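The structure appears right after this line, and notes come after that.
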Amino acid sequence: MAMLTDEMMSSDSNAPEDGDEAIVLLADEVTTCAQTCLACADACLSEEDVSELAQCIRLSTDCADVCEALGRLLPRLIEPNKDVIRGMIELCAMACDRCAEECERHAERHMHCSLCAEACRRCAEQCRSARQSFI
């Protein structure tokens, strides 16, 4: 998927020529993370101990929402609002870190939480890498 995102983002003749690979990777990573978080929240709802997973469900859906919002901002390459994007990247890293921490609490009992924590950690790491592009 990264190749398609890269092609799409560089297809605009007005886009900066010095496209940043970290941004392309982040665009794909936030999409993957959002989908994984939503799937985890959904899987949590089917567990017998669903009341113990309430915070996990909340943080997973919050993280998905933040990732989706950032994913909509990243392709806007023509005169991007760097302050807003930088803030969203920082928020995304924070949401991913918090979701990963909560999912890790349940990872031994629930594979979906383990997978979600892993996706969130990757996304947070990519956020930190891509943040440099908006300084």
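Taking the convex hull of the alpha carbon positions in the chain and averaging its projected area over all directions gives 7.6 nm². Residue separation of residue 32 and residue 128 scaled by 0.36 nm, minus their Cα-Cα distance, works out to 32.9 nm of gained length. Distance between the pseudo-spin-label points of residue 65 and residue 51 (7 Å out from Cα toward the beta carbon): 2.5 nm.
The range 92-135 and the range 23-53 have their alpha-carbon centroids 10 Å apart.
Could you tell me whether the range 50-103 comes out rounded, prolate or oblate from its Cα gyration tensor? Rule is a ≥ b ≥ c as square roots of the eigenvalues, rounded for a/c under 1.5, then prolate if a/b exceeds b/c, otherwise oblate. It comes out prolate by the Cα gyration axes. With R₀ fixed at 22 Å, the C-beta to C-beta distance from residue 39 to residue 76 puts the FRET efficiency at about 0.20.
Read-outs throughout are calculated quantities, based only on the coordinates presented, and are distinct from any laboratory measurement. What you are looking at is a predicted structure, and each value in this text was computed from that prediction instead of being measured. All Cβ positions, glycine included, derive from the backbone under ideal geometry; neighbour counts span all protein chains shown.
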